[in-house]
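The values are calculated or read from the model by the stated rules, or taken from the named source; none is laboratory data. Being a predicted model, the structure only gives us computed values, none of them experimental. When we count neighbours, we look across all protein chains shown, and the Cβ atoms used for this are built from the backbone with ideal geometry, even at glycine.
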Amino acid sequence: MEPLQRVSPIIWSGQGRGPSCGRVIPEEVPIAITYDHNTYAVMMATPADLADFAIGFSLTEEVIGHPSDIEELEVLSHSEGVELRMRLAPGRGEVLIGRRRRLAGPTGCGLCGIDSLREAIRPARQVGAGRCFTSGEIYRALAALPPAQLLNRQTKAVHAAAFWEPEAGLIAGREDVGRHNALDKLVGALACMERPSAQGLLLLSCRLSIEMVQKAAVMGAPVIVAVSAPTALALRVAEAAEITVIAVAREDGFEVFTYPHRVIA
């Protein structure tokens, strides 16, 4: 399945009705995530970088601890959607007992199917000390994000998650109609690259909610830079996880909400 489709809407403006040159829009398909022939979740997502999605989702859900815990991964296209079929290493399937998601997750829904309040707000793991970043480095990272948003440049309708390091620049970026999916894809890509997250910035083109902080904590990212604002619960979880939250980040300024010691002049 192609991640983009071209359509021809009818354009209305102050001058009335007119023809369209066409518009590119993102595709959205159901993605079934299965382990050992059992369906764990069905998420709506953009059909791109699906192997990264399978691995990243498995890591942030803490089904696996390392990509090597997946002994086999198949991306299977069906008429109804796509199946990400994984066979886990012996013993890993026990993690799924009592944790199976019971509902389909609509686009960008990171918590659909969680059937207990305790599971929804589970404590995030603490990240390491990480490094400090100058304001100039944060501005450089923000400037590197838009050029990496290839799908959004064409559609204006998808989210992005990216990882940036001062010495190497933009390491990887992933996009999806769901912001949680974009982050899972990035987590999977970095895990396959065996790239640690402690020395860089996690960049998000979306608002910062609790699920995004939880995933960042599993990823081990000590600094999050988001272009939109955080929720109050996201900040409480970030405080507990010792994550620096930089949000409302623009080319002319940003706001530091937690652990400001990692940002220096």
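Just one of (1) surrounded by fewer than 22 Cβ atoms within 10 Å (Cβ to Cβ); (2) part of a strand (DSSP E or B) trips up A162, so point out which.
(1)
When you scan segment 80-96, do you find a residue that is touching a Lys or Arg at 6+ places or on another chain (Cβ under 7 Å) and either modelled with pLDDT of 75 or more or under 26 Å from G220 (Cβ atoms) (or both), even just one?
Checking segment 80-96: not a single residue is touching a Lys or Arg at 6+ places or on another chain (Cβ under 7 Å) and either modelled with pLDDT of 75 or more or under 26 Å from G220 (Cβ atoms) (or both).
Would you call T258 polar (S, T, N, Q) and touching a Lys or Arg at 6+ places or on another chain (Cβ under 8 Å)?
No; evaluated as a whole, the condition is false for this residue.
In segment 248-265, which residues are in a loop (DSSP other than H, G, I, E, B) and either in contact (Cβ under 8 Å) with a residue 24 or more places away in the chain or surrounded by 10 or more Cβ atoms within 10 Å (Cβ to Cβ) (or both)? Outline the logic, then answer.
Initially, segment 248-265 is screened for residues in a loop (DSSP other than H, G, I, E, B), giving 251-252, 257-259, 265.
Result: E251, F257, T258, Y259, A265.
For (1) hydroxyl-bearing (S, T, Y); (2) at positive phi; (3) modelled with pLDDT of 95 or more, each residue gets a yes or a no:
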residue: G188; (1), (2), (3): no, no, yes
residue: Q199; (1), (2), (3): no, no, no
residue: C206; (1), (2), (3): no, no, no
residue: T231; (1), (2), (3): yes, no, no
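Conditions first: (1) within 14 Å of the chain's Cα centre (by Cα); (2) touching a residue at least 40 places away in the same chain (Cβ under 8 Å); (3) buried (at least 21 other Cβ atoms within 10 Å of the Cβ). G220 passes all but one, so which condition is the exception?
For G220, the failing item is (3).
Given the conditions (1) over 14 Å from G130 (Cα atoms); (2) outside any helix (DSSP H, G or I); (3) more than 18 Å from the chain's Cα centre (by Cα), and given that R236 satisfies all but one, which numbered condition is not satisfied?
The number of the failed condition is (2).
State yes or no: is I70 free of Cβ contacts under 8 Å to residues at least 24 places away in the same chain and closer than 22 Å to N181 by Cβ?
yes
Cβ-Cβ under 7 Å, sequence separation 6+ or interchain: first residue in segment 10-38 and under 22 Å from A157 (Cα atoms), partner polar (S, T, N, Q) and assigned to a strand (DSSP E or B). Which pairs?
I25/Q5; E27/Q5
What about G173, is it under 25 Å from I25 (Cα atoms), of a type outside the set (A, V, I, L, M, F, W, C), in contact with a strand residue (DSSP E or B) (Cβ under 8 Å, 6 or more places away or on another chain) and surrounded by fewer than 24 Cβ atoms within 10 Å (Cβ to Cβ)?
Yes.
In a strand (DSSP E or B), modelled with pLDDT of 95 or more, outside the structural domain of A54 (by TED's automatic domain parsing) and not polar (S, T, N, Q), is that true of A172?
Yes; evaluated as a whole, the condition is true for this residue.
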